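In what follows, a single structure is set out as structure tokens and then discussed.
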Amino acid sequence: MISTEKAIELEDKFGAHNYHPLPVVLAKGEGVFVWDPEGNKYYDFLSAYSAVNQGHCHPKITEALTNQASTLCLTSRAFYNNVLGEYEQYITEYFGFDKVLPMNTGAEGVETAIKICRKWAYEKKGIPEQEAKIIVLENNFHGRTTTVISFSNDPDARKNFGPYTPGFIKIPYNDIDALQEALKDPNVAGVLAEPIQGEAGVVVPDDDYIPKMAELCRAKNVLFMADEIQTGIARTGSLLAVCGNCSCKGNCERQQSYTKPDILILGKALSGGAYPVSAVLADEHIMEVIKPGQHGSTYGGNPLACKVAISALKVVRDEKLAQNARTLGELFRSEMEKLVEKFDLFVKVRGKGLLNAVVINDTSESETAWKFCVALKDNGLLAKPTHGNIIRFAPPLVMTENQLMECVEIIKMTVLEY
């Protein structure tokens, strides 16, 4: 096995410099832990941006992957395969939708939802062709494609990648009045929203924001599209973040707080981090606008992806990961609040379930959060800053209370040393 130094040297020399990783090389993972080539052990508090909710190398997911990989991996959609229908039935029943359109990556899922929404607008709502508009929220993160960065306000994501794709109205997040005003435009086809803005720094809206958004969309015959790529699959303490404070179908009885989107976009933990799998779910009256030849993917719905996704979703349900995320999330935030009260380094903690963040007492242009994450790494915990002075804490959902408290002690110790 190559050393940490050599691995970093090779990436720097032969790879595009489109990321700025923390100076650690990961060579092995199991559950909530990862190891570097020298055998140093770390708690993973990023979970591959919430793709590894089920923990690293979950044995049930790995078994499904290896069994199917030795049988049949890819057919393309030129033919039927014997796993796709089973997966489609499983995931639609799991989340309560009529239909699913399988894709691979999160960004592909978002692009797919946008295309479905626009086509529905022209063929069902009667918006004049080429005039459909989609409302998006400021500080959103929905991927890196040309269309998606067209409605980003992150200069690093946008600058020098134009010309940009038109057809989007950008309004402030967590502002119902702004949404009501934007919905007055008769050519609005849909609203695309993250129930919690993860990349923006785990920004949690008011409790009634998402339900009111869905209600306003219904009143205006506008599709509410929920991007749950990062917040879904039990991360926020419920199966979906739009479920409110319950863990909804698959974890407990669905309660009245559930806000069903018209289009649901999933990815990341849909495969437990074992393989790229994403999905777009909607009911028949929406999904039926897509006809043969109008959208697809060679890899979308391949047998390997389908088996992995079924296994990953079963793990979430069987191991009650949503409930665990809810319980441990409350504990983690209460412990971080103690640090906010006692020390000047942390000024705020926010989050839901095991998707949390602390705001560092410095400007977004400072290196304080980065240096603190390096110090955390040296003490055995891996986290990463976002937007300069915010640190996201999002461990795998298989974490135990004892492990969480060990991590809290690591964070406390690092604060004291800093």
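When you check residue 76 against the structure, is it surrounded by fewer than 19 Cβ atoms within 10 Å (Cβ to Cβ) and either among the hydroxyl-bearing types (Ser, Thr, Tyr) or assigned by TED's automatic domain parsing to the domain that holds residue 296 (or both), yes or no? Against the criterion (surrounded by fewer than 19 Cβ atoms within 10 Å (Cβ to Cβ) and either among the hydroxyl-bearing types (Ser, Thr, Tyr) or assigned by TED's automatic domain parsing to the domain that holds residue 296 (or both)), residue 76 qualifies. Residues in the stretch 48-63 that are more than 14 Å from the chain's Cα centre (by Cα) and not charged (D, E, K, R): 55, 56, 57, 58, 59, 61, 62.
So which residues in the stretch 275-299 are assigned to a loop (DSSP other than H, G, I, E, B) and surrounded by 24 or more Cβ atoms within 10 Å (Cβ to Cβ), if there are any at all?
Within the stretch 275-299, just 277 meets the criteria.
Taking each residue of the stretch 299-317 that is within 18 Å of residue 95 (Cα to Cα) and looking for partners that are of a type in the set (D, E, K, R) and in a loop (DSSP other than H, G, I, E, B) with beta-carbon atoms closer than 7 Å, six or more apart or interchain, yields 301/77.
Of all residues being modelled with pLDDT under 95 and of a type in the set (A, V, I, L, M, F, W, C) in the stretch 243-274, which is surrounded by the most Cβ atoms within 10 Å (Cβ to Cβ)? Just the residue, please. Selected residue: 243.
Comparison of 377, 371, 342, 352 shows that the only residue that is modelled with pLDDT of 95 or more, under 28 Å from residue 34 (Cβ atoms), outside the structural domain of residue 221 (by TED's automatic domain parsing) and surrounded by fewer than 16 Cβ atoms within 10 Å (Cβ to Cβ) is 371.
If you go through the stretch 17-41 and keep only what is over 22 Å from the mean Cα position of the chain (by Cα) and of a type outside the set (A, V, I, L, M), you end up with 17, 23, 28, 35, 36, 37, 38, 39, 40, 41.
Conditions tested, residue by residue: (1) under 17 Å from residue 217 (Cβ atoms); (2) touching a residue at least 60 places away in the same chain (Cβ under 8 Å); (3) of a type in the set (A, V, I, L, M, F, W, C); (4) surrounded by fewer than 20 Cβ atoms within 10 Å (Cβ to Cβ).
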position	(1), (2), (3), (4)
108	no, yes, no, no
113	yes, yes, yes, no
116	yes, yes, yes, no
120	yes, yes, yes, no
127	yes, yes, yes, yes
139	no, yes, no, yes
144	no, no, no, yes
151	no, no, yes, no
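Given the condition within 21 Å of the chain's Cα centre (by Cα), surrounded by fewer than 17 Cβ atoms within 10 Å (Cβ to Cβ) and without any contact (Cβ under 8 Å) to a residue 40 or more places away in the chain, answer yes or no: does some residue in the stretch 3-16 qualify? Steps first, please.
Within the stretch 3-16, the subset within 21 Å of the chain's Cα centre (by Cα) is none.
Within the stretch 3-16, none of the residues are within 21 Å of the chain's Cα centre (by Cα), surrounded by fewer than 17 Cβ atoms within 10 Å (Cβ to Cβ) and without any contact (Cβ under 8 Å) to a residue 40 or more places away in the chain.
Only residues that are modelled with pLDDT under 95 and touching a strand residue (DSSP E or B) at 6+ places or on another chain (Cβ under 9 Å) were counted in the stretch 121-167, giving 1. The one condition from (1) surrounded by fewer than 24 Cβ atoms within 10 Å (Cβ to Cβ); (2) touching a residue at least 60 places away in the same chain (Cβ under 8 Å); (3) farther than 14 Å from residue 120 by Cβ that residue 234 does not meet is (1). Of the residues contained in the stretch 5-15, none is found to be in contact with a Lys or Arg (Cβ under 7 Å, 6 or more places away or on another chain) and closer than 29 Å to residue 229 by Cβ.
The one condition from (1) under 23 Å from the mean Cα position of the chain (by Cα); (2) more than 21 Å from residue 406 (Cα to Cα) that residue 44 does not meet is (2). Within the stretch 382-399, being surrounded by fewer than 23 Cβ atoms within 10 Å (Cβ to Cβ) and in contact (Cβ under 8 Å) with a residue 40 or more places away in the chain holds for 382, 384, 386, 387, 390, 398.
Taking the condition of a type in the set (Gly, Ala, Ser), under 20 Å from residue 242 (Cβ atoms) and not in a loop (DSSP other than H, G, I, E, B), does residue 325 pass? Yes: the conditions hold for residue 325.
Residues checked against (1) in the same structural domain as residue 279 (by TED's automatic domain parsing); (2) over 21 Å from residue 268 (Cβ atoms); (3) in contact with a Lys or Arg (Cβ under 7 Å, 6 or more places away or on another chain):
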residue: 96; (1), (2), (3): yes, no, yes
residue: 106; (1), (2), (3): yes, no, yes
residue: 123; (1), (2), (3): yes, yes, no
residue: 140; (1), (2), (3): yes, no, no
residue: 163; (1), (2), (3): yes, yes, no
residue: 176; (1), (2), (3): yes, yes, yes
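The values are calculated or read from the model by the stated rules, or taken from the named source; none is laboratory data. Here the structure is a predicted model, which means the values were calculated and not measured. Because the Cβ atoms are built from the backbone with ideal geometry, glycine has one as well, and the counts that use them run over all protein chains shown.
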